[in-house]
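The values are calculated or read from the model by the stated rules, or taken from the named source; none is laboratory data. Keep in mind the model is a prediction, meaning the values are calculated, not measured. Neighbour counts are summed over all protein chains in view; Cβ atoms, including those assigned to glycine, are modelled from backbone coordinates with ideal geometry.
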Amino acid sequence: MAAETKTLSATHSASQEGEDLRQEHLMHDPKPREEMNGMVMEAMQTTSKKYWIALAIFGLGVLILLFGFWGNQIITGMGVTGKRRPVFWALYITTFVFWIGISHAGTFVSAILRVFKAEFRRPFTRAAELMTTFGLAAGALFPLIHLGRVWTFYWMIPYPNARWLWPNFRSPLVWDFLAITTYLLSSTIYLYLPLIPDLAMARDRSTGWRHSIYKLLALNWRGTEAEWHRLRKAINIFAFAIIPVMFSVHTIVSWDFAVSQTVGWHSTIFGPYFIIGAILSGVSAVVMILFIIQSTMKNMKYFIRLEVFDSLGKLVLIFSMAWAYFFFNEYLLHWYGGYQAVRDLLTFHAQGPTAWVWYTMLICNVAIPWLTLWNRKIRRTPLAMFIITTLVNVGMFAERYTIIPLTLGEQRFPFDWGAYSPRLTDISIVIGTFCLFIFLYLLASRLIPLIPVWEVQEGQMAHSTRKLGKGKVTSVAELE
Amino acid sequence: MSEKVEAKKWGMVVDLDLCTGCQACVTACAMENNIPYTGEDETAYGRGLHWIRIQRYWKGEYPEVSPTHQPVMCQQCGHAPCEPVCPVYASVHSEEEQINVQVYNRCVGTRYCANNCPYISRTFNWFDYPHPVPESYSLNPDVTVRRRGVMEKCTFCVQRIRHAVDTAQAEGREIEDGEVMTACQQACPTGAIIFGDLSKKESAVSQAARSQRSFRLLEELGTEPKVVYLKGGGNYGG
């Protein structure tokens, strides 16, 4: 009798364990292929009234705040913004760096997790890659917006012209232009490649205009062995290649500042410092987006589970520590260097009238993640994660704001000091690009499968549990 | 046409001990170079388009204070930070005059040059500034009127340099020392500004630049400025 009870309870706990595993990991909770395809299609095709209202609001935001104010700025002149001598770059470039940072991290997270075969990545790689594309779309507008004469922007593009003049390849702005174009192209291809099988899936399950779009985009994908083989190879190459591209591109963005002689910008650590900052804000933005997707779209609670927030929370914590390390390094070496103007600048950042920006940066980027994210319970509360990662992004915005207008305001000669304050146009256009990002993302969420279904299914096929001694262990087969 | 033109090294000496801070140079510069008036509020906010400005600092503790004045314009660096950063070659070095020139028509308005200038000597056209009648009658026909969205800065009155060089060439003679006067130099009541060719040892500007009182602004940055300041003990009048 006693022996029987023991076996019974053992079986019970074993099944409980299996249930826990299923609850916890998407990879251990397989659903029939057709059902899962249907779930993704349903999520894509369901639009509530709220969705349309949100779409309309953000669309209006793009029209009025971005294009309206930008048009006025083009006609009237750059003076409608708050810029002045010596703060010639201000909120626009701040937001530019912010968006480029966010966009870099989207593809980076996807690629690096793919390269290291982190299984929790499978449901959200596409959400992160989309963030890259739209972040670039929003960010790449700023080099145009901030031009004094935007109608001549094409003079910065290398092309044979009537003036017999190439752009100045010594200028970081030309490097910037080339780097961002490279990144936009490569990250779009990297987004598109894994999308092909899903587009084909959607093509086979839709009718009308959707069908024609997917048919065109799916490039006649049939799912033969040869096609899969080539696709895997291409994705693999891109995942590896895009990581160094991301590093170099964001380093180039940092060179916009680091190669200049401006006090506080002239720093060799800016390259890695910017990369870490970009990844910190980007990973945080991925969490924000996943929270919104998971809580507003149909069927997404199945795909985006607590394990995702848990793992990304750890990543945010690590990158927050790395960021703090670089910040400390930059600060210490600048201070130790003893150049009077730099010391004045650092004192001004920490004690001047705009010190609140500096403290916001430190609190949001260091104190908040360090105090909260070590805790598993907090990492597994999506709303808490949303709030924390939003604050991290506020902190990262404050970091860029400190680096650009606040640093420019402090020049070598006290006579040149000047405080910048943003005006309506600066703020509207910045909000306008946020509207643009959200608008594009909202549209895309209903037009392309946000979940890479085939990758999830592939992962689920590869996963199984094995008995090892008394316990069960997960084993993942190598399918690729 | 193809005869080789000898490169000059135009330079300036500003004697700070003679400067009274009267702002005559600022006014003269605006008249000569068609610099628009941006108004009181805009200038107070930091958008005055001055190519030369008097940096005033106070010495001593209140009430025992005395002002020091320092006219600062583009330093026409030999190794200029503004030049390499311009993506469209709007900020370039002139071989013949050895000064930095700003090509207004080529400028797209990235304002990178202004950020990278350690002297913050560049100014930007935030708007189209009107030149209403009768102000427009006083516009200098030798100088471009700039439109919104382009950067501008002190040119060492390059139109005067060109005029003098062309005249001398037409008359088949060497250009004389002191033949070119910049607008600020012309207006300076105390003669604190000397302009001329630094490559000639005997020119007034070279002799003044060799003074023991001479220094250059932010020399440690390696920008090789062509404006030399003289500073000894006191100030003119204080």
remark   = Counted residues in region A:188-209 being of a type in the set (Asp, Glu) and touching a residue at least 12 places away in the same chain (Cβ under 8 Å) come to 1
ask   = Which residues, taken from region B:16-61, are among the polar types (S, T, N, Q), within 14 Å of chain A (Cβ to nearest Cβ) and in a loop (DSSP other than H, G, I, E, B)?
value = B:Thr38
request  = Return yes or no: is A:Val357 touching a Leu at 6+ places or on another chain (Cβ under 6 Å) and of a type in the set (A, V, I, L, M)?
outcome  = no
inquiry  = Can you pull out every residue in region B:78-100 that is among the polar types (S, T, N, Q) and within 15 Å of B:Cys117 (Cβ to Cβ)?
reply    = B:Ser91, B:Asn100
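Rundown of residues vs (1) of a type in the set (Gly, Ala, Ser); (2) more than 27 Å from A:Ala218 (Cβ to Cβ); (3) not in a helix (DSSP H, G or I), yes/no style:
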| site | (1), (2), (3) |
| --- | --- |
| A:Glu410 | no, yes, yes |
| A:Phe415 | no, yes, no |
| A:Pro422 | no, yes, yes |
| A:Ile451 | no, no, yes |
| A:Trp454 | no, no, no |
| A:Gly459 | yes, no, no |
| A:Ser464 | yes, yes, yes |
message = Would you confirm whether or not region A:114-125 contains a residue that is touching a residue at least 12 places away in the same chain (Cβ under 8 Å), surrounded by fewer than 19 Cβ atoms within 10 Å (Cβ to Cβ) and within 24 Å of A:Ile404 (Cα to Cα)?
response = no
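Answer yes or no: is there a residue in region A:373-392 that is within 14 Å of chain B (Cβ to nearest Cβ), closer than 30 Å to A:Val263 by Cβ, in a helix (DSSP H, G or I) and touching a Leu at 6+ places or on another chain (Cβ under 9 Å).
No, that holds for no residue.
Give the residue that is nearest to A:Ser254 (Cα to Cα), with candidates limited to residues of region B:70-99 that are outside any loop (DSSP other than H, G, I, E, B) and within 11 Å of chain A (Cβ to nearest Cβ). If you could, list the steps in order and put the result at the bottom.
Going residue by residue through region B:70-99, those that are outside any loop (DSSP other than H, G, I, E, B) are B:70-73, B:82-85, B:91-93.
Now narrow it down to the ones that are within 11 Å of chain A (Cβ to nearest Cβ): B:70, B:72, B:82-85, B:91-92.
Numbers: B:Gln70: 34, B:Val72: 31, B:Cys82: 18, B:Glu83: 19, B:Pro84: 17, B:Val85: 14, B:Ser91: 22, B:Val92: 24 Å.
Checked region B:70-99; the qualifying residue nearest to A:Ser254 (Cα to Cα) is B:Val85.
From the list B:Glu95, B:Glu83, which residue is touching a residue at least 40 places away in the same chain (Cβ under 8 Å), surrounded by fewer than 23 Cβ atoms within 10 Å (Cβ to Cβ), over 15 Å from the mean Cα position of the chain (by Cα) and closer than 25 Å to B:Ser199 by Cα?
Values: B:Glu83 fails: touching a residue at least 40 places away in the same chain (Cβ under 8 Å).
Of B:Glu95, B:Glu83, the one residue that is touching a residue at least 40 places away in the same chain (Cβ under 8 Å), surrounded by fewer than 23 Cβ atoms within 10 Å (Cβ to Cβ), over 15 Å from the mean Cα position of the chain (by Cα) and closer than 25 Å to B:Ser199 by Cα is B:Glu95.
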query = So how many residues does region B:125-146 have that are of a type in the set (Gly, Ala, Ser) and touching a residue at least 12 places away in the same chain (Cβ under 8 Å)?
reply = 1
Helices (runs of 4 or more DSSP H) enclosed by region A:21-130 - at least 2 residues per element that are farther than 29 Å from A:Arg423 by Cα and in contact with a Ser or Thr (Cβ under 7 Å, 6 or more places away or on another chain) = A:91-115
task = Consider B:Gly149 carefully, then state whether it is in contact (Cβ under 8 Å) with a residue 12 or more places away in the chain and within 14 Å of another protein chain (Cβ to nearest Cβ).
result = yes
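Can you work out which of the residues in region A:241-258 that are more than 14 Å from every other protein chain (Cβ to nearest Cβ) and buried (at least 23 other Cβ atoms within 10 Å of the Cβ) is nearest to A:Tyr401 (Cα to Cα)?
So in region A:241-258, the residues more than 14 Å from every other protein chain (Cβ to nearest Cβ) come out as A:241-251, A:254.
Filter once more, so that each one left must be buried (at least 23 other Cβ atoms within 10 Å of the Cβ): A:242, A:246, A:249-250, A:254.
Values: A:Ile242: 28, A:Met246: 22, A:Val249: 20, A:His250: 17, A:Ser254: 14 Å.
Result: A:Ser254.
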remark   = Scanning region A:259-303 for residues that are out of contact with any Asp or Glu (no Cβ under 7 Å at 6 or more places or on another chain), away from chain B (no Cβ under 14 Å) and of a type in the set (Ser, Thr, Tyr) gives A:Thr268, A:Ser281, A:Ser284, A:Ser295, A:Thr296, A:Tyr302
remark   = For region B:109-124 the number of residues that are touching a residue at least 40 places away in the same chain (Cβ under 8 Å), at the interface with another protein chain (Cβ under 7 Å from one of its Cβ atoms), assigned to a loop (DSSP other than H, G, I, E, B) and under 18 Å from A:Leu147 (Cα atoms) is 2
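Is it the case that region B:184-201 has a residue that's within 14 Å of chain A (Cβ to nearest Cβ) and on the phi > 0 side of the Ramachandran plot?
Initial filter on region B:184-201 (within 14 Å of chain A (Cβ to nearest Cβ)): none.
The answer is no; no qualifying residue exists.
Only one of these is within 20 Å of the chain's Cα centre (by Cα), farther than 26 Å from B:Ser94 by Cα and surrounded by 16 or more Cβ atoms within 10 Å (Cβ to Cβ): B:Lys226, B:Lys231. Name it.
Values: B:Lys226 fails: farther than 26 Å from B:Ser94 by Cα.
From the options B:Lys226, B:Lys231, the qualifying one is B:Lys231.
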request  = Have a look at B:Gln70, B:Gln23, B:Gln55 and point out the one that is on the phi > 0 side of the Ramachandran plot and surrounded by fewer than 20 Cβ atoms within 10 Å (Cβ to Cβ).
outcome  = B:Gln23
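Among the residues of region A:155-180, what is the count of those that are assigned to a loop (DSSP other than H, G, I, E, B) and facing another protein chain (nearest Cβ under 7 Å)? Working first, answer last.
Going through region A:155-180, the residues assigned to a loop (DSSP other than H, G, I, E, B) turn out to be A:157-171.
Okay, now just the ones that are also facing another protein chain (nearest Cβ under 7 Å), so A:165, A:167-168, A:170-171.
Residues that pass the stated criteria total 5.
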Every residue from region A:30-55 that is polar (S, T, N, Q), surrounded by fewer than 16 Cβ atoms within 10 Å (Cβ to Cβ) and within 22 Å of A:Pro452 (Cβ to Cβ) = A:Gln45, A:Thr46, A:Thr47
task = Could you list all residues from region A:330-367 that are of a type in the set (Ser, Thr, Tyr) and not in a helix (DSSP H, G or I)?
result = A:Tyr339, A:Thr354
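Sort through A:Ala140, A:Ala111, A:Ala118 and tell me the only one that's of a type in the set (A, V, I, L, M), more than 14 Å from chain B (Cβ to nearest Cβ) and more than 25 Å from A:Leu442 (Cα to Cα).
Working: A:Ala140 fails: more than 25 Å from A:Leu442 (Cα to Cα); A:Ala111 fails: more than 25 Å from A:Leu442 (Cα to Cα).
It is A:Ala118.
Checking the structure you have, find out if any residue of region A:180-187 is in contact (Cβ under 8 Å) with a residue 24 or more places away in the chain and out of contact with any helix residue (DSSP H, G or I) (no Cβ under 6 Å at 6 or more places or on another chain). Break it down stepwise before answering.
Of region A:180-187, the ones in contact (Cβ under 8 Å) with a residue 24 or more places away in the chain are A:180, A:182-184, A:186-187.
Next cut, out of contact with any helix residue (DSSP H, G or I) (no Cβ under 6 Å at 6 or more places or on another chain) only: A:180, A:182.
Checked against the condition, which is being in contact (Cβ under 8 Å) with a residue 24 or more places away in the chain and out of contact with any helix residue (DSSP H, G or I) (no Cβ under 6 Å at 6 or more places or on another chain), region A:180-187 yields at least one hit.
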Which listed residue is more than 20 Å from A:Ile93 (Cα to Cα) and at pLDDT below 95, from A:Phe439, A:Phe386, A:Phe415 = A:Phe415
ask   = Which of (1) within 14 Å of another protein chain (Cβ to nearest Cβ); (2) under 27 Å from the mean Cα position of the chain (by Cα) is the odd one out, the single condition A:Ile196 does not satisfy?
value = (1)
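Does A:Thr152 meet the test of being crowded, with 22+ Cβ neighbours inside 10 Å and part of a helix (DSSP H, G or I)? Walk me through how you get there before you give the answer.
Numbers: crowded, with 22+ Cβ neighbours inside 10 Å: no; part of a helix (DSSP H, G or I): yes.
Answer is no for this residue.
Just to be sure, is A:Phe169 out of contact with any Asp or Glu (no Cβ under 8 Å at 6 or more places or on another chain) and surrounded by 20 or more Cβ atoms within 10 Å (Cβ to Cβ)?
On the way: out of contact with any Asp or Glu (no Cβ under 8 Å at 6 or more places or on another chain): yes; surrounded by 20 or more Cβ atoms within 10 Å (Cβ to Cβ): no.
No; evaluated as a whole, the condition is false for this residue.
For (1) assigned to a helix (DSSP H, G or I); (2) farther than 30 Å from B:Tyr45 by Cβ; (3) of a type in the set (Lys, Arg), each residue gets a yes or a no:
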site	(1), (2), (3)
B:Arg146	no, no, yes
B:Arg162	yes, yes, yes
B:Gln169	yes, yes, no
B:Arg173	no, yes, yes
B:Gly191	no, yes, no
B:Ile194	no, yes, no
B:Lys200	no, yes, yes
B:Val228	no, yes, no
